[in-house]
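Enquirer: What follows is a single structure, and I will ask about it in a moment.
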Amino acid sequence: MKEIKKAVVTVIGKDMVGILSRVSTAIAGGNASVIEVSQTVLDGYFCMIMIVNITEATLGFEELKNSITESVPEMKVHLMHEDIFNSMHRI
Amino acid sequence: MLNMQDIMETITMIQDENLDIRTITMGISLIDCADADIEKSCKKVYDKICSNAKDLVKTGELLERKYGIPIVNKRISVTPISLLAGVSGGDPVEYAKTLDRAAQTVGVNFIGGYSALVQKGFSAGDKKLIESIPRALSETELVCSSVNIGSTKAGINMDAVKLMGGIVRDTAEKTKDNQCIGAAKLVVFCNAVEDNPFMAGAFHGLSEPDTVLSVGVSGPGVVRSVLAKMPDEAPLNVIAEEIKKTAFKITRVGQLVGSEAAEILKVQFGIIDLSLAPTPAVGDSVAHILEEIGLEQCGAHGTTAALAMLNDAVKKGGLMASGSVGGLSGAFIPVTEDAGMIAAAREGALSIEKLEAMTAVCSVGLDMIVIPGDTKAEVISAIIADEAAIGMINSKTTAVRVIPAIDVPEGTELDFGGLLGSGPVMKLCGKSPAKMINRGGRIPAPMQSLKN
């Protein structure tokens, strides 16, 4: 079985209409698929973390990140390979 | 499973607390480039560096994107050039220019290894190379130089110490039109380590493999913000424990990036150096960690104890996080590169005497200290001798990187820009050590050397 590569996408900023939809569209556009979403709105601030399967992605890290950023220019977007979190927080 | 808190912690560390990979440094052995003809030798050096390091910068950038963490510097360290100069003869500055050219070609930030190891005496090439340092550093841009003048095993070579006082002055003199920057690229070591990835003291040791990739991580800001969240009444052992945990996390990131970079470049992974290396940026200061521990300002009585604890806790956390910890690994205290130290030096809270005491318990020495432009060569030599003595007796690395502010009027500061920062001129003791320095000779190896 092919190893699954995962990335973590975080989107933070002022809440508004359609963030989730625009971000997911951008991710789908790069042929990556969303595995898990965790999202809260605290005090008007939107904070979303997505685990994304990028095994079959047609875009590289930078392009995918740019495409998400362009879809929600008002928000702060991070896209990182999941290994950095695993190595930092798991022994 | 990843949880939200862990993810946010990592992102905050990188985005708000300046966590970064300070450097990935490729060590390249130039032993097989030695040739009796200096021209041929230089050509081989250039070719080998360019072919081994051609993908270094590209790989660094790739990993930056993949993990979303900045890799601030990409650097190269090479075999001490005195060895090649010893074989070829000729003007060693030719090698410096070759290194500079190769570094420009592959796009790295610095190249280290214009070095000589003379702790026990000079061999062919050593003296000539040392004497050429002022020219080499003023005629090149990216080359860094270091000289090891003492060790616990060999004692201190006081002839070399005497020589280096003048060399440091000359180097500053030759670059006085450019903030005396030459002296900021020259380190005088005792107990130099062979696998240090940090500049300006990096060189590729003789016992190292042909090509190796080492990583230096940093993160004073992360440690500081962890401590800032602790209650004022938390005892120091609890503080040490928190520093340890944080150092562990930082080191794991370095290990991940380093081992992956080595794999992509198909070279051996060397070491991870888990030093807390400050930058002049706000929130990236070692002095501020010490202040967070509970000092009104860095330099207050108690600074040495706080630094000793910090240094030790960083090492302990890092050791568990990586199987190959090496280099200097600890806390750096370069004055001009640390916003908190600069402030303390400006206010007069931090003196060079206090810094000297601090070097006895942290991982380096008197680093990036601006001294008066009229400081005599023998005084610089004496500063070097003092530092080397601390290193020799305590079996640790110490170093001196002082910058004489040549022709800089009193009250003004040197400003190197970028990571090297800026700083005020620090006062030295006015009494002369000339007679002692002019004796030359050697301080014999101490009792600590007889471990066998």
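Just so you know, all these numbers are worked out from the coordinates, no wet-lab data involved. Remember, it's a predicted structure, so these values are computed and weren't measured experimentally. Note that we place each Cβ from the backbone using ideal geometry, even for glycine, and neighbour counts take in every protein chain shown.
Enquirer: Using every alpha carbon pair in the protein assembly as shown, what percent of pairs falls into each 10 Å bin from 0 up to the bin containing the largest distance?
Expert: Answer for the protein assembly as shown: a P(r) of 4, 18, 27, 25, 16, 8, 3, 0 percent.
Enquirer: Follow-up. Once amide H atoms are built 1.01 Å from N in the peptide plane, which residues 5 or more positions from B:D195, or in another chain, come under 5 Å H to H?
Expert: Under 5 Å from the amide H of B:D195 lie the amide H atoms of B:G327, each far enough along the sequence or on another chain.
Enquirer: Search the structure for amide H atoms under 5 Å from the amide H of B:G270, placed 1.01 Å from N in the peptide plane, and list their residues when 5 or more places away or on another chain.
Expert: Residues meeting the amide H criterion: B:L213, B:S214.
Enquirer: Show which lysines lie in cross-link reach of B:K48 when reach means a straight Cα distance below 21 angstrom and same-chain residues fewer than eight apart are skipped.
Expert: B:K40, B:K58, B:K74, B:K97, B:K266
Enquirer: Across the residues of B:244-256, average count of Cβ atoms on other protein chains within 10 Å?
Expert: Numbers: counts 0, 0, 0, 0, 2, 3, 1, 2, 7, 5, 1, 1, 6.
Partner Cβ neighbours, averaged per residue: 2.
Enquirer: Roughly what % antiparallel, to the nearest 5, for the DSSP beta bridges in chain B? Write out the running numbers ahead of the final one.
Expert: On the way: 17 of 52 bridges.
Once the DSSP bridges in chain B are tallied, antiparallel ones form about 35 percent.
Enquirer: Continuing with the same structure: If you take every residue apart from B:M199 with its C-beta less than 12 Å away from the C-beta of B:M199, what net charge results, scoring Lys and Arg +1 and Asp and Glu -1? If you can, show how the numbers build up before the last one.
Expert: Working: positive: B:R22, B:K74, B:R75, B:K185, B:R401; negative: B:D273, B:E337, B:D367.
With Lys, Arg at +1 and Asp, Glu at -1, the net is +2.
Enquirer: Packing-wise, with mean Cβ within 10 Å as the measure, how do B:310-318, B:444-452 rank, highest first? Mind dumping the intermediate values first?
Expert: On the way: B:310-318: 22.4, B:444-452: 10.8.
Ranked from most to least packed, the peptides come out as B:310-318, B:444-452.
Enquirer: Continuing with the same structure: Could you work out the relative contact order of chain B? I mean the mean sequence separation of Cα pairs under 8 Å and 6+ apart, divided by the number of residues, in percent. If you can, show how the numbers build up before the last one.
Expert: On the way: 1077 pairs, mean separation 80.1, N = 452.
This gives 18 percent for chain B.
Enquirer: How far apart, in nm, are the 7 Å Cα→Cβ label points at B:K427 and A:N86?
Expert: According to this spin-label approximation, the distance is 5.8 nm.
Enquirer: Find which of B:S285, B:L62, B:L307 sits farthest along the positive direction of the dipole of the protein assembly as shown, computed with +1 on the beta-carbon of Lys and Arg, -1 on that of Asp and Glu, about the Cα centre.
Expert: Comparing the listed Cα positions along the dipole, B:L307 ranks first.
Enquirer: Just how large is the dipole of the protein assembly as shown about the Cα centre, in debye to the nearest 20, putting +1 at every Lys and Arg Cβ and -1 at every Asp and Glu Cβ?
Expert: Values: 51 positive and 65 negative charges, 260 e Å.
Value, rounded to 20: 1260 debye.
Enquirer: Continuing with this model, one more query. Would you mind pulling out the separation of the Cα centroids of region B:334-377 and region B:1-77, in Å?
Expert: Answer, in whole Å: 29.
Enquirer: For the protein assembly as shown, with the dipole built from +1 on Lys and Arg beta-carbon atoms and -1 on Asp and Glu ones, taken about the Cα centre, which of B:V106, B:I342, B:G150 lies farthest toward the positive end?
Expert: Farthest towards the positive pole: B:G150.
Enquirer: Once the Cβ-Cβ distance between B:K127 and B:V57 is put in as r, and R0 is 45 Å, what FRET efficiency do you end up with, to the nearest 0.05?
Expert: Numbers: r = 35 Å, r/R0 = 0.78.
Calculated transfer efficiency: 0.80.
Enquirer: Can I ask one more? How much length is gained if the chain between A:I35 and A:E63 is pulled fully straight, taking 0.36 nm per residue apart and subtracting their Cα-Cα distance, in nm to one decimal? Don't skip to the end; give the middle numbers.
Expert: Working: separation 28, 0.36 × 28 = 10.08 nm, distance 1.98 nm.
Result for the pair: 8.1 nm of gain on full extension.
Enquirer: Follow-up question, since we're still on this one. Quick one: what Rg and Dmax do you get for chain A from the alpha carbons, in Å?
Expert: 13.1, 44
Enquirer: Contact order normalised by length for region B:200-271, with contacts defined as Cα pairs under 8 Å and 6 or more residues apart; what percent is it?
Expert: Details: 47 pairs, mean separation 37.4, N = 72.
52 percent.
Enquirer: Straight distance only, please: which lysines reach the Cα of A:K6 with their own Cα at less than 19 Å, same-chain residues fewer than 8 apart left out?
Expert: Partners within reach: A:K65, B:K66.
Enquirer: Can you give the FRET efficiency for B:Q104 and B:Q448, using 1/(1 + (r/R0)^6), R0 = 51 Å, r = Cβ-Cβ distance, to the nearest 0.05? Present the calculation step by step, with values, prior to reporting the outcome.
Expert: Working: r = 43 Å, r/R0 = 0.84.
About 0.75, to the nearest 0.05.
Enquirer: Quick one: divide the alpha-carbon radius of gyration of region B:23-190 by 2.2 N^0.38 Å and tell me what you get.
Expert: Relative to the rule-of-thumb radius for its length, region B:23-190 sits at 1.05.
Enquirer: Another question, if that's okay. List the residues of region B:285-309 whose backbone N lies under 12 Å from a point placed 7 Å from the Cα of B:S351 along the Cα-to-Cβ direction.
Expert: Inside the label zone: B:300-301.
Enquirer: So, one more: Where does the charge balance sit around B:E61 when Lys and Arg score +1, Asp and Glu -1, over other residues with C-beta under 12 Å from its C-beta?
Expert: Values: positive: B:K58, B:R65, B:K66, B:K74; negative: A:E62, B:D55, B:E64.
Surrounding charge for B:E61 is +1.
Enquirer: Further, regarding this structure: For Cα pairs less than 8 Å apart in space and 6+ apart in sequence, what is the mean separation divided by the residue count of chain A, i.e. the relative contact order in percent?
Expert: On the way: 147 pairs, mean separation 37.2, N = 91.
This gives 41 percent for chain A.
Enquirer: Hey, got the average number of other protein chain Cβ atoms within 10 angstrom for residues in B:3-15?
Expert: Details: counts 4, 7, 1, 5, 12, 4, 3, 9, 9, 0, 1, 3, 4.
Counting Cβ atoms of other protein chains within 10 Å of each residue's Cβ and averaging gives 5.
Enquirer: Among the aspartates and glutamates, select those whose C-alpha is under 15 Å from the C-alpha of B:K162, and discard any that sit fewer than 8 residues away in the same chain.
Expert: Reachable aspartates and glutamates: B:D126, B:E131, B:D170, B:E378, B:D386, B:E387.
Enquirer: So what's the net charge close to B:F122: Lys and Arg +1, Asp and Glu -1, counting the other residues with Cβ under 10 Å from its Cβ? Mind showing how you got there, number by number?
Expert: On the way: positive: B:K120, B:K127, B:K128; negative: B:D126, B:D159.
Result for the local shell: +1.
Enquirer: Further question on the same structure: Please compute the Cα-Cα pair-distance distribution of chain B with 10 Å bins starting at 0, giving whole percents from short to long.
Expert: Bins of 10 Å from zero give 5, 22, 33, 27, 11, 2, 0 percent of pairs.
Enquirer: In what order do B:L129, B:L117 fall by count of nearby beta-carbon atoms within 10 Å, going from fewest to most?
Expert: Numbers: B:L129 27, B:L117 22.
Ordered by Cβ neighbours within 10 Å, fewest first: B:L117, B:L129.
Enquirer: Loop-only GluC sites (Glu not before Pro) in region B:315-417, please: DSSP not H, G, I, E or B, and at most 10 other Cβ atoms within 10 Å. Could the numbers behind the result be given before it?
Expert: Working: sites: B:E337, B:E347, B:E353, B:E356, B:E378, B:E387, B:E410, B:E413; in loops: B:E410.
Here the GluC sites (Glu not before Pro) that fit, given the DSSP loop and packing criteria, are B:E410.
Enquirer: Could you tell me the distance between the Cα centroids of region B:385-400 and region B:80-118, to the nearest Å?
Expert: 26
Enquirer: Rounded to the nearest 5, what % of DSSP beta bridges with both residues in the protein assembly as shown are antiparallel? Before the final figure, lay out the partial values.
Expert: Values: 41 of 76 bridges.
Approximately 55 percent, going by the DSSP bridge assignments.
Enquirer: Sticking with the crude label model, points 7 Å out along Cα→Cβ, report the distance from B:V238 to B:Q5 in nm, one decimal please.
Expert: 1.7
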